[in-house]
């Protein structure tokens, strides 16, 4: 795991700030390198997670002097054998090749089309001296971060927002429309904006090209061209002969995705007892045993029980985790945040991606770092891919005239009328109506009393976050991939994990697996009462039966403790806010926030997200 940075100046001789950016990426004593030539420079800082396994031989920067190429990369490539074969690399040369070597060869062969030939997680920049251009790319789902800024004098980029802000001439002024979006509890789509007006991020599945000597809109700076190369909507249809053939192909692709992400280590896995994390844990444990290694450590958001039994309403969550651990012989690390932990996290600068992390995950990272874990496998992203629950399938049946099949889908379900209303009618009217309907049925009501300052709300309009109406299975999957929650969590976990030398990897977001899922027929995702049908069918011989055929979310035991710690932290938060005047208080409705920091009020009507968003923004 590397952190990279670089610059492209309007004129050689300008102050470039490369050393300042490198210092912002990590301890200057860590392994790193810098290269400059005229108006261009690249830097790389190797982070602790990259010093184990095969990654030990990966140099910070890569050079192909004959071709005039220099590369800075944060990359982990999959299926290297196939890539070497396509590139015509003799077998005798393959053993010593690193990921960076392969990226350089791919660029030399395909130029700016090279990302279409790469599998894995990556963010990189190549200086092409012959063509006088800087070419940058980010992997299809954005596992590796890439931020940049463009001023009249320079283009700068880095793996971290802090490093971009450390460059000369880059303003740290906040983007007030992003702030307003954050305070109205909305998630930005997978676009380019950050909390800082001057800093952008390269969207997942995009490339960025800068050509020397080209002005940007007459400003005198280099011209930046951002282009999309990954088009998930173009994933080809998958047509095996039977349900079992689909299941076999799923398991083969999934197993390979897990294997590819075990490189380096030591390895840990998330484990919630749900389908996604449980399947990652089982496949990782079996592959590690096959290689002669002990199984990975499992990290859960569940609190340690000690000698006392779990509450009856929490017992099922513990039982599912125990079933996976018993089957695979996994050691589980439990943990939940204390009020002091909550306070420490909320006092971090919430405008930086590294602090947009769930409070429970901070505890996981702490435990993992103490135990020497350098790679954490997560089941995050399955809901958008092969373990998608089939939302939109009933709409598909209705609109395609398959009414008999639609009737059969509902025949054996309880409360079919509300399900018909929530599953078909409401989404056709408006995409937000199903969630509103579910909240009202659960007695949770609606809340629109955001904690945004009224004067600021009149001045700064939140960004549009609606992606429009999705009808059917595949449109819903594509919409979820673009909704913003995936990239927000991935970028936050990448930045926070890097501080502790931990690299996150997501087998269920493997490009091969995602494109397979997007090519499946709609009926593979739902059969009667069974959502995620193909995933259950394909993993029925892998998962414990009680996990494979579990219905419903498993959340209470994981979230109640953190909400309890959050409420217990209210008195400490109130004291800190009373003792200072945060500079960012002008954005927040402070009187209303003060009212919400009341334990009795919160327990009667919990609204954690608006409160947390306001507190994470404040500098107190």
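Within region 295-309, does at least one residue satisfy the condition of being free of Cβ contacts under 8 Å to residues at least 24 places away in the same chain, surrounded by fewer than 16 Cβ atoms within 10 Å (Cβ to Cβ) and in a helix (DSSP H, G or I)? Within region 295-309, not a single residue is free of Cβ contacts under 8 Å to residues at least 24 places away in the same chain, surrounded by fewer than 16 Cβ atoms within 10 Å (Cβ to Cβ) and in a helix (DSSP H, G or I). Taken residue by residue, region 394-413 has at least one member that is at pLDDT below 65, more than 30 Å from residue 497 (Cβ to Cβ) and part of a loop (DSSP other than H, G, I, E, B).
Is one or more of the residues making up region 168-181 under 14 Å from residue 6 (Cα atoms) and in contact (Cβ under 8 Å) with a residue 12 or more places away in the chain? There is at least one residue in region 168-181 that is under 14 Å from residue 6 (Cα atoms) and in contact (Cβ under 8 Å) with a residue 12 or more places away in the chain. Of all residues in region 36-51, those that are surrounded by 18 or more Cβ atoms within 10 Å (Cβ to Cβ), part of a loop (DSSP other than H, G, I, E, B) and modelled with pLDDT under 90 total 1.
When residue 573 is tested against (1) touching a residue at least 60 places away in the same chain (Cβ under 8 Å); (2) closer than 26 Å to residue 317 by Cα, exactly one condition is not met: (2). Of all residues in region 147-155, none satisfies being under 20 Å from the mean Cα position of the chain (by Cα), in a loop (DSSP other than H, G, I, E, B) and touching a residue at least 40 places away in the same chain (Cβ under 8 Å).
Among the candidates 286, 261, the residue that is in contact with a helix residue (DSSP H, G or I) (Cβ under 8 Å, 6 or more places away or on another chain), surrounded by fewer than 18 Cβ atoms within 10 Å (Cβ to Cβ), within 18 Å of residue 505 (Cβ to Cβ) and not assigned by TED's automatic domain parsing to the domain that holds residue 165 is uniquely 286. Can we say residue 162 is touching a helix residue (DSSP H, G or I) at 6+ places or on another chain (Cβ under 9 Å) and either more than 22 Å from residue 496 (Cα to Cα) or assigned to a strand (DSSP E or B) (or both)? In short, no.
Filter region 491-509 down to the residues that are out of contact with any strand residue (DSSP E or B) (no Cβ under 6 Å at 6 or more places or on another chain) and farther than 21 Å from residue 24 by Cβ, then identify the one that is surrounded by the most Cβ atoms within 10 Å (Cβ to Cβ). Result: 507.
What number of residues within region 226-246 are surrounded by 13 or more Cβ atoms within 10 Å (Cβ to Cβ), under 28 Å from residue 536 (Cβ atoms) and over 20 Å from the mean Cα position of the chain (by Cα)? Residues flagged as surrounded by 13 or more Cβ atoms within 10 Å (Cβ to Cβ), under 28 Å from residue 536 (Cβ atoms) and over 20 Å from the mean Cα position of the chain (by Cα) within region 226-246 amount to 5. For region 585-604, residues that are closer than 26 Å to residue 360 by Cα and in contact (Cβ under 8 Å) with a residue 40 or more places away in the chain total 3.
The values are calculated or read from the model by the stated rules, or taken from the named source; none is laboratory data. Because the structure is a prediction, the values reported are computed rather than measured. In this analysis, Cβ positions are derived from the backbone assuming ideal geometry, glycine residues included, and neighbour counts consider all displayed protein chains.
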